[in-house]
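Data block below; observations after.
The values are calculated or read from the model by the stated rules, or taken from the named source; none is laboratory data. Since the structure is predicted, the reported quantities are computational estimates derived from the model, not experimental observations. Positions of Cβ are generated from backbone atoms using ideal geometry, with glycine treated the same way; all protein chains shown enter the neighbour counts.
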Amino acid sequence: MTTASVPLPNWISYGLIPLINLLLAFFFSGLVVWWIGESPWEALKFLIQGSLGRGDAIGFTLFYATSFIFTGLSVAVAFHAGLFNIGSEGQAYVGGLGAALAALALDHYVPWYVTMPFAVAGAAIFGAAWAFIPAWLQAKRGSHIVITTIMFNFIGAALMVYLLVNVLIVPGKMAPETRTFLEGGQLPKLDWLMALFGLKLGPAPFNVSFLIALVMCYLVWLLIWRTKLGYEMRTLGISPSAAIYAGVPYVRTVIIAMLISGALAGMMALNAVNGAAARLQVEFVAGAGFVGIAVSLMGRSHPVGIILAAILFGILYQGGADLSFEMPTITRDMIVVIQGLVILFAGALEHMLRPAIVRVYQQIARA
Amino acid sequence: MSLDPSAVPAIELVGIDKSFGPVHANKNINLNIAKGTIHGIIGENGAGKSTLMSILYGFYQADQGEIRISGKPILIRDSQAAIAAGIGMVHQHFMLVENFTVLENVMLGVEGGQFLGRSADKARAELERLEKEYGLEVDPDGIIEELPVGAQQRVEILKALYRGADILILDEPTGVLTPAEADHLFNVLRVLREQGKTIILITHKLREIMAITDSVSVMRRGEMVATRKTAETTVEELAELMVGRHVLLHVEKGEARPGPVLLSVRNLTVKDARGVTMVDNVSFDVRAGEIVGIAGVAGNGQSELLEAIAGIRKPFSGEIIMDGQPVAGLDAARRRDLGLAHIPEDRHHMGLVLKFEEYENSILGYHRDPKYGRGAFLDLNAIRKDAEDKIAKYDIRPPNARLRTANFSGGNQQKIVVAREIERDPKLLIVGQPTRGVDVGAIEFIHRRIIETRDAGKAVLLVSVELDEIRSLSDRILVMFAGRIVGEKTGETEEQTLGLMMAGIAA
Amino acid sequence: MEFFDILVSILGSALRLSIPLLFTALAGLFSERAGVFDIGLEGKMLAAAFASACAAYVTGSAWLGLLAGIGVSIVFSLVHGFASITNRGNQIVSGVALNFVAMGLTVVLGQAWFGQGGRTPQVPGDGRFSPIILPGADAVRDVPIIGPLYANVISGHNILAYMAFLAVPIAWWVLFRTRFGLRLRAVGENPGAVDTAGISVTWMRYRAVIVAGFLCGFSGTYLAIAQSAAFINNMSAGKGYIALAALIFAKWKPVPVMFACLLFGFLDAVANFMQGKSVPGIGEVPVQIFQALPYILTIVLLAGFIGVAHAPKAGGVPYVKER
Amino acid sequence: KPALVYGTGGKFDKSFNEAAFGGAEQFKKETGVEYRDFEPTSDTQGEQAIRNFASRGFNPVVAVSFAWTSAMEKVAAEFPDTKFVIVDSVVDLPNVRSVVYKEEEGSYLVGLLAGMASQTGKVGFVGGMDIPLIRKFGCGYVQGVKAAKADATVFQNMVGTTGAAWNDPVRAGELTKNQIDQGADVVYAAAGASGLGVLQTAADNGKLGIGVDSNQNHLHPGKVLTSMVKRVDLAVYNAFKDTQDDKFTAGVEALGVKEDGVTYAVDENNKALITPEMSEAVEKAKADIIAGTVKVHDYMSDNSCPK
Ligand SMILES: Nc1ncnc2c1ncn2[C@@H]1O[C@H](COP(=O)(O)OP(=O)(O)OP(=O)(O)O)[C@@H](O)[C@H]1O
Ligand SMILES: Nc1ncnc2c1ncn2[C@@H]1O[C@H](COP(=O)(O)OP(=O)(O)OP(=O)(O)O)[C@@H](O)[C@H]1O
Ligand SMILES: [Mg+2]
Ligand SMILES: [Mg+2]
């Protein structure tokens, strides 16, 4: 008999299965490491030490995690409405413009906590704006959002490079980037938070936007499971035909979902631009938007899951940097491989193990 | 025609068993069918008929059991094997490639050679021969999606014959046919029988069973409950076997006290995606305190009419006036606000979100109602409380508002929908196939609720393909044929008369 | 340098730039016509480029390079098949995943093996597909109009380029004139029909994705050891997505696919040519505009201004018989 | 313990980074002192690598490529007692030595050769990322070409405007092909790894290329006119050496023809291409520059190039 429609308890569906998938992904990553002639265990050791071993390491880990929480939420919100937003990367990039403009405009005159709301708004609005056209095309014209968002990633990159190279660059400087923000344009580090745990943050750019990210997690949770809009998004996401029956307005819901998704992606810039670099740089997103896909898939599109997944990837990114430093034969791109494998196993192959697990479960259930 | 019992049966099914996850669709089925006969299979929706046939055709694999073709046990691993064993099937939902030509569809799988060029010409010749022989005209170069359903079904039959089938399975072939087409089909089947081919005919229409089959089997909830020689049984007996007890589907109900008109439809025309007119300039009224039933063979536009009134499908032209207010421009949600409730035909794809928990479905379509939460937020406690009340009142089992809807049985799923829509106490209730795939207990329960709604002075519009249901519930009956309303009758009207009207013959 | 020479030069460049798109789009054609969407074209191209460069560098033979490219690309296809056909996973998610695996793995291995920041070493002469001067090219070079056209646009490409254009009629013939093609198209429209006709949907789709892998092998190889002489990090640079767009733009038909790819190639060539030059009236246009042009155009086309494109009906939907 | 952080091109890029690697190796050979190096594959890794070395007590920490400028500014401030060296950019901190080259002078020399070698009187320049530094190369090159043929035309293109531009030989090759189609018969590549595409295309089309940073003549023997050698190896070697004999000096160090920081390369691969009068002329130019009688304009001095 087929096992597809046999119900499983949540702790299996949302706990055990993702965990096993994750382990599979790591197993294959280990194979790659072994293939290029290094010891997976050694690698793992460096990875953990490098990401959790010291205060600043943890700081970096959480810094990366912050970015991934934003992009993960971004992907998840769209996902709940049945939309696959691959454009978080570009939306975050353009969002950076909003965040930077706010900082550049205000940092001379006001302290950071005055600038912050404007930076948040700027990032969100620019990010959302970048998601709008794909959303509109999907809703009105039915052009596939996956393709359009990918295209907008490229267009966004071109736009930002143009602005940075020709408009925002500091004359005479080599690198295409804005001037460094003053205190008033930056988001302060969370040394005190680390201090609470007796850790020294050191140079790690772990900053206030982490708290903003947590707030966003709560808001997203509210939106999806506690609001009427969220209910409509989920209905549309699971069963478009039922959504029509229920009178869920398709165009409006799709566009709003994507705007929220884009806004969340945009806010990732707070962490990288206002928090860390204190300037807008070319390619500052550095793939965080794509990591969001893996994070959201791993976290089953639930804020709590996303936080955990984001921290996991934070560990990968920070630990990976250290790893590649200790084992020069393993470049940091190893992370991209792992990321791909996680998406493969936690996403595309999520059902691979289900039949087997269902049988085992039924055995145990009977016994 | 040989009904000699000593002869080896063409088909023997021994202990066939099949489950789809929680659904036990076929339970230890045994069946013999003699060569050169037409064998009917009847049963409620969801009884397991299609599943059984799909197993015989190798589309599904049985979990247990054996299949013997003219005595020889064979393993039918896939349709290839079935075809090789001389079995052909016309599926309930056609299996045609819509943007291919008739010829391409017929050739698919039996192209006769790596390259299409010459073999196509051979196929064309053969196809034309078959068309002549059985009088199944279709244009070999016609594109499927541009053909009427009847023609598409002919293509399905030609496909089977082209593959040299000796055993032909037809799963509810007449559901989509006009009576004329149906008669034509039966003539074809008779010709095939003369040639010694064995035919299995699945249908809901006892009339057809009596008209054409030599023997008939009845399925109920996955089991094969009886097999009879058609000559030796009666419609009443079959009906009783089907639902498992003596059917007096006539629910006792008092006189209707019609009030003011709550729904009036004026010159409504609805076209489907392909631009084919499904509802053709229809006008009628439904008054408070009456049940108006719309009878008709499936596919004569009732579904489209219902969806147009519900605001799910855009009318092409005409007016829909609800409680004195034109609503053609409004979407489903707005119409609900005006007091419309809608029990849709398809609970799995419209009425419910199977992945949701029960309580979430209990507000589907009404989630914006302030009673379920102020402002932008949902008040989960209020919603669950409300859901539990309905569960109690409608005896939905298991009584658990936190259970995934997909894990309720169909009948209970249907009760969830009925409870949600009727408990709104709407001004106007429109109902489609309220008891499809629902067991008898649930059927009576749902019927009673619908009548109570009427007696509470609501207007009810009922669409069903089950004549008995229509007759026992409706105060007035409108008969729909080919998108038109061909006549109006009272609930007491004889089945035969209605049947003729549904066939588009008499008015 | 007057207009005609410019045109010739741009056309030649456009042709060269459209080859990888063409192979890839044809790959997508087979896969999607069979109902398997493939965002992973990008990754397959990249993996193939890397494999071919490595093999060509080690063996010094371009053809072995091609073989390696095809092999690796097919492996990726099979993984995609395993996820989206056998395990009925989300085809887009699977494609995205494979793109990442390819992007990362190529650099990781490249760096580990050659220590050139993920690049492979330069492939020596025989390891590359070098330009072929068609017979008489030099002879007719000076004939006005056709001379330069033949000599600089038609002639002087490498064997893969000519294969690409040969592949178009072949693809058409296979899809519309063979049993394989008939079944392939059917499985992309209504797998149920194929199944009940006694043909294995799974096997059909696997064959389709294998063909896709095969073709991506060519495009990757072209990038690495025909157009250039080594593998470079992420050298596919989004071409896979552009090819996908070209495929949609061409409404899943072989010959239009060719023209779509030529169009995108032309845009790219113009972008290169225009850079630093000023457009009469407008003045100097920032290169970024030209670099973004193919993507912007894609959006415009997808927005339906080409009329609605009808994707294969069963596209993107795993074939599920039993719920 | 000295440490070295390469640019994103990778250690063996046959160019800039490989030159740096050479310098470090030479130091190791002479002194027997081990050193650590790291090859970032993306811009984000540079800062962490530099910091990691510093925090692990490496000294000096040498970072080649302007890409690490801002990273260096940050980290050097964090570790005031560590000596840092940045190549190709200026970081104004008491513990940082900034080594820059007078690329305009080296480019002038190869430009002169290009001008003389060109039959068509048309030559090309393909830059990597469009930044002042690369324009500086182009500007010196143009001056050299004009010095040889006052009426010569020079086509100039940049591969791109982001870090990717250093890594895109395909586009670089297409740009080169364009220039060749327009008549160029010598093309100067100042584009890191993308330059490989330039030299490749030039060679494929029977034209001459000019290499950059390290001696690239051997890549396509007989097809590379010469290479504008930039002695990054010197910068690295000196940095290591000076720190060892603690003669380390912070501040800007500008290496030109005079300091032998930039020059043009002649070896058996391109001997045949350099005619006696060419070498005579270029040697003279070299002398004049050292003597100061020829002044090559530096683009970055005023962000403009004399037409
Ligand atoms: N592919 C499937 N996956 C899961 N459950 C299925 C599947 N097909 C049928 N079922 C379930 O099996 C049961 C029998 O279905 P089946 O289609 O055989 O009934 P039927 O007698 O043909 O009904 P109808 O008269 O409506 O055609 C139903 O409960 C149905 O929901
Ligand atoms: N399309 C479907 N998708 C998911 N589950 C289904 C589907 N069809 C049926 N099921 C499940 O199969 C089980 C039986 O469904 P079915 O419609 O056959 O009801 P049933 O078996 O006839 O029970 P009853 O009619 O007595 O309520 C239910 O759990 C139902 O959720
Ligand atoms: Mg059925
Ligand atoms: Mg049922």
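A few comments on the model shown:
- Residue under evaluation residue B:93, criteria (1) buried (at least 17 other Cβ atoms within 10 Å of the Cβ); (2) facing chain C (nearest Cβ under 9 Å); (3) assigned to a loop (DSSP other than H, G, I, E, B), criterion not met: (1)
- Residue match in region C:236-243 (condition: within 28 Å of residue C:100 (Cα to Cα), within 10 Å of another protein chain (Cβ to nearest Cβ) and over 14 Å from the mean Cα position of the chain (by Cα)): no
- Condition met for residue B:87 (more than 11 Å from chain C (Cβ to nearest Cβ), away from ligand 4 (no atom under 16 Å from the Cβ) and either at pLDDT 90 or above or crowded, with 21+ Cβ neighbours inside 10 Å (or both)): no
- Of all the numbered requirements in (1) at the interface with chain C (Cβ under 10 Å from one of its Cβ atoms); (2) surrounded by fewer than 19 Cβ atoms within 10 Å (Cβ to Cβ), residue B:105 misses one, and that requirement is (2).
- When region B:387-411 is filtered for residues that are buried (at least 20 other Cβ atoms within 10 Å of the Cβ) and either more than 16 Å from ligand 1 (Cβ to nearest atom) or among the polar types (S, T, N, Q) (or both), the ones remaining, listed by number, are B:387, B:390, B:391, B:394, B:396, B:401, B:405.
- Residue within region B:138-151 that is more than 16 Å from ligand 3 (Cβ to nearest atom), within 20 Å of residue B:196 (Cβ to Cβ) and facing chain C (nearest Cβ under 10 Å) present: no
- Being outside any loop (DSSP other than H, G, I, E, B), within 14 Å of another protein chain (Cβ to nearest Cβ) and touching a Gly at 6+ places or on another chain (Cβ under 7 Å) holds for only one residue in B:160, B:165, and it is B:160.
- Test: residue D:124 is assigned to a helix (DSSP H, G or I) and crowded, with 24+ Cβ neighbours inside 10 Å: no
- Exactly one residue out of B:312, B:320 is closer than 20 Å to residue B:434 by Cβ, without any contact (Cβ under 8 Å) to a residue 60 or more places away in the chain and not assigned by the TED database to the domain that holds residue B:417, and it is B:312.
- In region B:354-379, the residues that are facing another protein chain (nearest Cβ under 8 Å) reach residues that are within 16 Å of ligand 2 (Cβ to nearest atom) and of a type outside the set (Gly, Ala, Ser) with C-beta atoms within less than 6 angstrom, at least six apart or across chains, in these pairs: B:354/B:405; B:355/A:238; B:356/B:405.
- Of the candidates C:296, C:225, the single residue that is at the interface with chain A (Cβ under 9 Å from one of its Cβ atoms), away from ligand 3 (no atom under 16 Å from the Cβ) and of a type in the set (A, V, I, L, M, F, W, C) is C:296.
- When residue A:218 is tested against (1) surrounded by 21 or more Cβ atoms within 10 Å (Cβ to Cβ); (2) hydroxyl-bearing (Ser, Thr, Tyr); (3) within 20 Å of the chain's Cα centre (by Cα), exactly one condition is not met: (1).
- For region D:14-116, the strands (runs of 3 or more DSSP E) that sit wholly inside it and include 3 or more residues that are surrounded by 20 or more Cβ atoms within 10 Å (Cβ to Cβ) are D:61-64, D:84-87, D:96-101.
- Verdict on residue A:158 being in a helix (DSSP H, G or I), over 20 Å from the mean Cα position of the chain (by Cα), surrounded by fewer than 24 Cβ atoms within 10 Å (Cβ to Cβ) and away from chain C (no Cβ under 14 Å): no
- Options D:85, D:90: the member that is away from chain A (no Cβ under 11 Å) and closer than 25 Å to residue D:261 by Cα: D:85
- Residue match in region C:177-191 (condition: under 14 Å from residue C:26 (Cα atoms), in a helix (DSSP H, G or I) and of a type in the set (Gly, Ala, Ser)): yes
- Residue B:66, sole failed condition from (1) more than 16 Å from ligand 2 (Cβ to nearest atom); (2) of a type in the set (D, E, K, R); (3) at pLDDT below 90: (3)
- Among the residues listed as B:366, B:359, the single one being surrounded by 17 or more Cβ atoms within 10 Å (Cβ to Cβ), more than 16 Å from ligand 1 (Cβ to nearest atom) and assigned to a loop (DSSP other than H, G, I, E, B): B:366
- Matching residues, region B:369-386, being crowded, with 17+ Cβ neighbours inside 10 Å, out of contact with any strand residue (DSSP E or B) (no Cβ under 8 Å at 6 or more places or on another chain) and not in a helix (DSSP H, G or I): B:373
Yes/no per residue for (1) within 16 Å of ligand 4 (Cβ to nearest atom); (2) more than 30 Å from residue B:120 (Cβ to Cβ); (3) under 17 Å from the mean Cα position of the chain (by Cα):
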| site | (1), (2), (3) |
| --- | --- |
| B:162 | no, no, no |
| B:185 | no, no, no |
| B:190 | no, yes, no |
| B:208 | no, yes, yes |
| B:230 | no, yes, no |
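- Extreme residue, nearest to ligand 1 (Cβ to nearest atom), among residues of region B:342-356 that are over 17 Å from residue B:435 (Cα atoms) and buried (at least 19 other Cβ atoms within 10 Å of the Cβ): B:354
So that you can scan it fast, the table gives a plain yes or no per residue for (1) more than 16 Å from ligand 2 (Cβ to nearest atom); (2) touching an Asp or Glu at 6+ places or on another chain (Cβ under 9 Å); (3) not acidic (Asp, Glu):
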| position | (1), (2), (3) |
| --- | --- |
| B:73 | yes, yes, yes |
| B:76 | yes, no, yes |
| B:83 | yes, no, yes |
| B:88 | yes, yes, yes |
| B:121 | yes, no, no |
| B:136 | yes, no, yes |
| B:142 | yes, no, yes |
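- Considered as a group, the residues in region B:36-84 that are within 16 Å of ligand 3 (Cβ to nearest atom) and assigned to a helix (DSSP H, G or I) include one that is farthest from the other protein chains (Cβ to nearest Cβ), and that residue is B:49.
- Scanning region A:265-305 for residues that are assigned to a loop (DSSP other than H, G, I, E, B) and either without any contact (Cβ under 8 Å) to a residue 40 or more places away in the chain or under 14 Å from residue A:153 (Cα atoms) (or both) returns A:282, A:283, A:284, A:285, A:286, A:287.
- The single residue among B:101, B:51, B:37 that is in contact with a Leu (Cβ under 9 Å, 6 or more places away or on another chain) and among the hydroxyl-bearing types (Ser, Thr, Tyr) turns out to be B:37.
- Any hit, region C:246-263, residues being within 14 Å of chain A (Cβ to nearest Cβ), within 16 Å of ligand 1 (Cβ to nearest atom) and of a type in the set (D, E, K, R): no
- Region B:16-53, residues that are of a type in the set (A, V, I, L, M, F, W, C), over 22 Å from residue B:186 (Cβ atoms) and within 9 Å of ligand 1 (Cβ to nearest atom): B:20, B:23, B:25, B:47, B:52
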